[in-house]
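Enquirer: Encoded as structure tokens, here's the structure I'll be asking about.
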Amino acid sequence: MTDTHPAIRVSEIFGPTIQGEGVLIGLPTVFVRTGGCDYRCSWCDSLHAVDRQFRHEWEIMSSDAVWQNVVALSGGRPLMVSLSGGNPAIQPFGALIKGGHDEGYRFALETQGSVVREWFAELDVLVLSPKPPSSEMRTDWATIEACFQAAQDKPQVVLKLVVFDENDYAFAKEAAARFPRLPVYLQPGNHTPPHPGNEDAPVDVDGIMKRMEWLVDSVTRDRWFEARVLPQLHVMLWGNKRGV
Ligand code: SF4
């Protein structure tokens with residue numbers, strides 16, 4: 001890494017662990033979780049990286065400092081780096097991605113699609129995750145389309161949709177219809193998300209699995225054979241624990 005200028009607001013950097021959800025599930029990954037989000041979903045499972053009351057835990061770091069952390073955690077061996085949040089699209093990641101690529105690392109970013117960045121085209125994987133009605137957020141499809149266009153067919157782009165109920169399921173279908181070329185990953189929502197500072201609070205795994213079964217039934221009933229249904233593997237393994 002030579003460009004040390006852009007400052008990135010970081011909530012936590014951790015790993016390697018496995019990616020717990022979506023298209024890269026099971027893949028060893030280092031996570032760079034940024035601080036701050038322009039959304040406030042009703043069921044957000046990363047409030048410690050969203051709510052400004054946790055701002056004191058966030059650190060403004062140079063790209064170079066972030067990169068040194070990633071290299072130290074991975075022992076200098078290239079792997080997948082997941083840029084998450086919060087909304088990582090708010091942060092200036094272009095220089096970090098370029099430098100990391102030069103050293104053989106790969107980069108995935110997940111965002112709700114509310115902020116468009118030219119450097120999306122430099123990613124290896126772009127996960128667009130529009131938030132369904134249960135989040136109580138409003139989706140601007142034009143901005144999500146602009147995110148897709150910014151990627152310029154360079155990274156693999158996928159849709160990931162959290163589903164809690166029938167309304168969310170209908171929303172997922174609408175998203176898939178709007179972006180028919182994109183692979184779709186459906187994920188049953190966690191109705192027992194962590195409260196920051198109380199990550200050991202129990203997770204209702206049985207309830208999540210019931211929702212998963214309902215989702216599988218819905219997809220097969222509707223002959224929606226292009227969709228993939230996956231749980232959050234890290235929640236199954238570690239509950240709401242942070243840093244895993
Ligand atoms: S977009 Fe993601 S990080 Fe932001 S509030 Fe919603 S669930 Fe949380």
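Enquirer: Go through the chain and flag any cysteine with no other cysteine's C-beta closer than 4.7 Å, please.
Expert: Within the chain, the cysteines lacking a partner Cβ under 4.7 Å are Cys37, Cys147.
Enquirer: Suppose R0 equals 45 Å; then what is the FRET efficiency for Leu27 and Arg55 from their Cβ-Cβ distance, rounded to the nearest 0.05? If you can, show how the numbers build up before the last one.
Expert: Values: r = 31 Å, r/R0 = 0.69.
Efficiency for this residue pair is about 0.90.
Enquirer: Same structure again: What is the helix-to-structure angle for 63-74, meaning the angle in degrees between its Cα long axis and the longest Cα principal axis of the chain, kept from 0 to 90 and rounded to the nearest 10?
Expert: Roughly 70 degrees, rounded to the nearest 10.
Enquirer: Something else now. Could you identify which residue out of Ala172, Ala227, Ala201 has the top mean-square fluctuation in a GNM of the chain using Cα springs shorter than 10 Å?
Expert: Ala201
Enquirer: Right, something else. Looking only at the chain, where both bridge partners belong to it, what percent of the DSSP beta bridges are antiparallel (to the nearest 5)?
Expert: On the way: 11 of 36 bridges.
Rounded to the nearest five, the antiparallel share is 30 percent.
Enquirer: Moving on. DSSP loop GluC sites (Glu not before Pro) in the stretch 50-157 with at most 14 other Cβ atoms within 10 Å of their Cβ, which ones? Present the calculation step by step, with values, prior to reporting the outcome.
Expert: Working: sites: Glu57, Glu59, Glu103, Glu110, Glu118, Glu122, Glu136, Glu145; in loops: Glu103, Glu136.
In loop regions of the stretch 50-157 (DSSP not H, G, I, E or B), the sparsely surrounded GluC sites (Glu not before Pro) are Glu103, Glu136.
Enquirer: Considering only protein heavy atoms, what is the solvent-accessible area of Tyr105 at a probe of 1.4 Å, reported in Å² to the nearest 10?
Expert: 10 Å²
Enquirer: For the stretch 1-105, place one equal point scatterer on every Cα, skip the solvent, and apply the Debye formula. What is log10 of I(q)/I(0) at q = 0.11, 0.12, 0.14, 0.24 Å⁻¹?
Expert: The Cα Debye sum returns log10 ratios of -0.32, -0.39, -0.53, -1.37.
Enquirer: So what is the accessible area of the stretch 68-124 per residue, in Å², with the probe set to 1.4 Å? Before the final figure, lay out each step's value.
Expert: Details: 2190 Å² over 57 residues.
Dividing the accessible area of the stretch 68-124 by its residue count gives 38 Å².
Enquirer: On the full set of protein chains, 1.4 Å probe, figure out the accessible area of Trp141 and give it in Å² to the nearest 10.
Expert: 40 Å²
Enquirer: Relative to the present Cα-Cα distance, how much length would full extension add between Trp224 and Gln149 at 0.36 nm per residue of separation?
Expert: Length gained between Trp224 and Gln149: 24.5 nm.
Enquirer: Explain nothing, just the number: dipole magnitude of the stretch 174-229 about its Cα centre with +1 on each Lys and Arg Cβ and -1 on each Asp and Glu Cβ, in debye rounded to the nearest 20.
Expert: 400 debye
Enquirer: So what are the ³J(HN,Hα) numbers for the stretch 149-158, from phi and the Karplus equation (6.51, -1.76, 1.60; θ = phi - 60°), rounded to whole Hz, Gly and Pro as x?
Expert: Once θ is set to phi - 60°, the couplings for the stretch 149-158 become 5, 4, 5, 6, 6, 8, x, 6, 10, 10 Hz.
Enquirer: Mind counting lysine pairs for me in the chain? Cα separation below 15 Å, and the two need to be 8 or more apart along the chain or on different chains.
Expert: Pairs that pass both the separation and distance tests number 4.
Enquirer: How large is the convex hull of the C-alpha atoms of the stretch 202-244 per residue, in Å³?
Expert: Cα convex hull per residue, to the nearest whole number: 60 Å³.
Enquirer: Further question on the same structure: Rank these residues by their accessible area, most exposed first, probe 1.4 Å: Cys147, Cys37.
Expert: So, going from the largest accessible area down, we get Cys37, Cys147.
Enquirer: Once the Cα gyration tensor of the stretch 49-189 is diagonalised, what are the square roots of 5 times its eigenvalues, in whole Å and ordered largest first, as equivalent ellipsoid semi-axes?
Expert: Semi-axes from the Cα gyration tensor: 28, 18, 13 Å.
Enquirer: Which order do you get for Ile13, Ile144 if you rank them by accessible area with a 1.4 Å probe, largest at the top?
Expert: Ile13, Ile144
Enquirer: Ignoring trypsin sites (Lys or Arg not before Pro) that are buried or in helix or strand per DSSP, and keeping those with at most 13 other beta carbon atoms within 10 Å, what is the longest stretch of the chain between them?
Expert: The longest such stretch corresponds to 41-137.
Enquirer: Considering only DSSP states other than H, G, I, E and B, which GluC sites (Glu not before Pro) in the stretch 166-244 qualify as loop sites with at most 13 other Cβ atoms within 10 Å?
Expert: Taking the stretch 166-244 and a limit of 13 other Cβ atoms within 10 Å, the loop GluC sites (Glu not before Pro) found are Glu226.
Enquirer: So how long is each side of the chain along the principal axes, counting just the alpha-carbon atoms, biggest first, in Å?
Expert: 53, 41, 31
Enquirer: Could you report the accessible area of Met80 in Å², rounded to 10, computed with a 1.4 Å probe on the protein chains as they sit in the structure?
Expert: 10 Å²
The values are calculated or read from the model by the stated rules, or taken from the named source; none is laboratory data. Computed from a predicted structure; not experimentally measured. Note: ideal-geometry Cβ built from the backbone for every residue, glycine included; neighbour counts use all protein chains shown. Side chains are part of the model used for accessible areas, which takes the heavy atoms of the whole protein and leaves out ligands, DNA and RNA. Shrake-Rupley method; radii C 1.70, N 1.55, O 1.52, S 1.80 Å.
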